[in-house]
Structures are given as C-alpha cells and as structure tokens.
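One structure is given below, encoded as structure tokens.
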Amino acid sequence: MSYDKRITAIGHQLNFPKGLLSGQVAIITGSGQGIGAEAARLFANEGAKVVISDIDAKKADEVTKSINEAGSAAISVPGDVLDPKYPEELVKKAAEFGNGKIHIIVNNAGYTWDAVIHKMSDKQWSNIIDLHTTGPFRIIRAAAPYFRVKDGESRSIVNISSTSGTHGNAGQANYSVAKAGVTGLTKTIAKEWGPQFGVRCNCIAFGHILTRLTGAKEAGASVTLPDGSKVALGIPEAQQRAAGAAQHLDIPLRRPGTATEAAGSILALCSPYFSYVTGQTIEVTGGRNI
Ligand SMILES: NC(=O)c1ccc[n+]([C@@H]2O[C@H](COP(=O)([O-])OP(=O)(O)OC[C@H]3O[C@@H](n4cnc5c(N)ncnc54)[C@H](O)[C@@H]3O)[C@@H](O)[C@H]2O)c1
C-alpha cells in the first residue's frame, strides 16, 4: 500500500470517515512541485479543498488538474509571493472557493540562493529574506479576517523552515536568517491568535528532502526573479561528494527524506491529532542534528 493510502487508511480507522481535513480549505504556496505538490495531494486525499499557489502557472495548473481528476477539489491561483499584491488576490480567491472560509495556510514556497558571507550581494540577501519571511507574513496578514473568527472550526498555519534556520549553514546566511525568522513569526501568531480564536501555528524545519532544491546543480534547474535574472538551484555534485553525502553518515536513518514523507509531516501537523500543538518548530530530518 502506498504511503498516502496508508495515511488515509489510518485517518479513516480513527473516526474521520471523510478524511482528516474534511470540509477544510487549504492554501499551499509553492505547490506546483516538490513538497508543496505532495502536500496538496495528501490534503486533497483527506477531504480538503486545496488552493494551489505557485509562481509557475503551468505546474500549478497541472497539479490542480490531477487533483480534480482524482475526484477531489482544487483551484489554481498562480502568482509570486514576492509580489505585494499577490497575497490579497490569493486570499480572496481562496475564500471564494471556500464559500467564505479558509482553514489552513501552508507557507512553503521558496528556494535558496547561496553564497559565503563575504561574497553575498544585497540583492541575494533581501530576495531570500523577503521570499521566506515577508511573503508569508503578508499572506497571513491578508488572511486574518478568515482566521480571527469564532465558528468552532479548526484553523492551522504551517510555516516551512529549515535546519539552516535552526542550526545555521555555511553558505546560507540569507536563508538561515530567513528560516530562523519564520520560527519567530510562528510563535507570535500562536500567541496573538491562539487565545481568542484557537488558531494553531507551527513550523517544520526540514533537513535533506529529495526535491530539485537538493538535486545536482548540474541538472540546470533555476528560478526567474521579477527583474528577469535567473537563480540556479541545486547543490554542486562535487560539494555533495566532498561532504560524504552519498552515505548520509550524519543522518541516523542514513537517507534523505522523500517529498511525500515531508508532506506527511505537514498533514500530521494540520490534522486533528495535533490539536494541542502550537508555536512549535518540529525538525523533520531523519534524526540529523540530534
Ligand atoms: N528540499 C529540502 O531539502 C528542503 C529543506 C529545508 C527546507 N525546504 C523548504 O521547503 C520548501 C519547499 O521546497 P522544495 O524542496 O519542495 O522545493 P521545490 O523547488 O521542489 O518547490 C518549491 C516551489 O516553490 C515555488 N516558488 C518558488 N519561488 C516562488 C515565489 N516567489 N512565489 C511562488 N512560488 C514560488 C517554485 O516554483 C516551486 O514549485 C521551501 O520553503 C524550502 O526552502 C526544503
């Protein structure tokens, strides 16, 4: 039985016959591929109506189509989380799709743009800080009217962090600061919106997950910035070899995680089984850094 079918089966056994997220509306940014796309699929399997948000409209549309064809419900709202106008549009369309309700936000969109400190440009610094902190903040702020409500329904926000944020990482000063920043944002939301409205907000700090972000740089993946310049994605093969990464000796489980396993942890956090967990940063790393 596949991993997501097993997760669904567990939910069904435990008194959620329509799925763990039945009737909930979820925005997942960066869900055109990788961890976000897997989360969208798992959420849809659990009865959520999913809003697919990605800068890559073609990929967002493809994920949306596959979810709808599988009998679940999704809409595609492509856009750039760095565009100050996009959060309002995303939230408006999500609320229309959800008949006036939004229950879950997963702030997942992102990439890395590495350099050692003495070679990092201001542009590199501010692009990554904005992408991983300002973008999520604006989306959460735009969605405030749908989270600061008292209708007795679950509300949950998951911000995606990284072990670079919780432990630092050479070559990633910008990304480490940004990913540490969302842990503070997370705790603040838990404290502002928990007491009156019961909103939960948590972070997941991923370790090494197999997506294009951690693939070989030589594969040629890139993102295009608003000014048209390109940022190459991935880790150079030579760097991966030098770190002895092939044996994954720094990971107790001795392997990287899959995008589906990463997405499973997001689903778990949003599920009713985590209803008393808020303000936390949970490391999903195969045990690395313990
Ligand atoms: N893969 C890992 O090992 C790892 C580790 C730690 C944290 N993360 C984090 O997990 C999240 C998902 O990464 P992934 O590994 O699935 O990468 P990915 O490249 O497979 O997917 C990221 C998605 O985000 C989208 N995106 C990028 N910039 C965007 C923007 N400005 N606006 C809207 N969408 C945008 C991309 O188009 C892409 O579809 C990121 O926040 C990343 O920093 C990943």
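Tabulated values for the structure
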quantity	calculated
Local net charge near G198, Cβ-Cβ under 11 Å (Lys/Arg +1, Asp/Glu -1)	+2
Cut-off 14 Å, label 7 Å out along Cα→Cβ of L82, residues of the range 175-210 by amide N	175
Principal-axis tilt of helix 86-97 within the chain, Cα atoms, nearest 10 degrees	30
Under 12 Å, Cβ to Cβ, from I104 - net charge with Lys/Arg +1 and Asp/Glu -1	+2
Whole-angstrom gap from the range 143-207 to the range 251-277, using each part's C-alpha centre	15
Among G135, V116, N15 - extreme Cα towards positive end, dipole of the chain, charges at beta-carbon	N15
Loop chymotrypsin sites (Phe, Trp or Tyr not before Pro), the range 246-290, which have at most 14 other Cβ atoms in a 10 Å radius of their Cβ (DSSP)	Y276
Value of Rg to Rh for the range 98-214 (Rh from inverse mean 1/r over Cα pairs, i.e. Kirkwood)	1.03
Entries in K18/K217; K65/K101; K191/K217; K65/K92 that, when Cα-Cα distance is taken, lie over 32 Å	K18/K217; K191/K217
Computed [θ] at 222 nm, deg cm²/dmol, the chain (DSSP H ≥ 4; -39,500 (n - 2.57); rounded to nearest 500)	-12000 deg cm²/dmol
Net charge, V77 excluded, C-beta distance under 11 Å - Lys, Arg +1, Asp, Glu -1	-2
Kirkwood hydrodynamic radius (C-alpha pairs) into Stokes-Einstein, the chain, 10 °C and 1.306 mPa s, D in µm²/s	83
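No value in this document is a laboratory result; all are computed from the given coordinates. What you see is a predicted model; the values in this text were computed from it and never measured. Backbone-built Cβ (ideal geometry, glycine too); neighbour counts: all protein chains shown.
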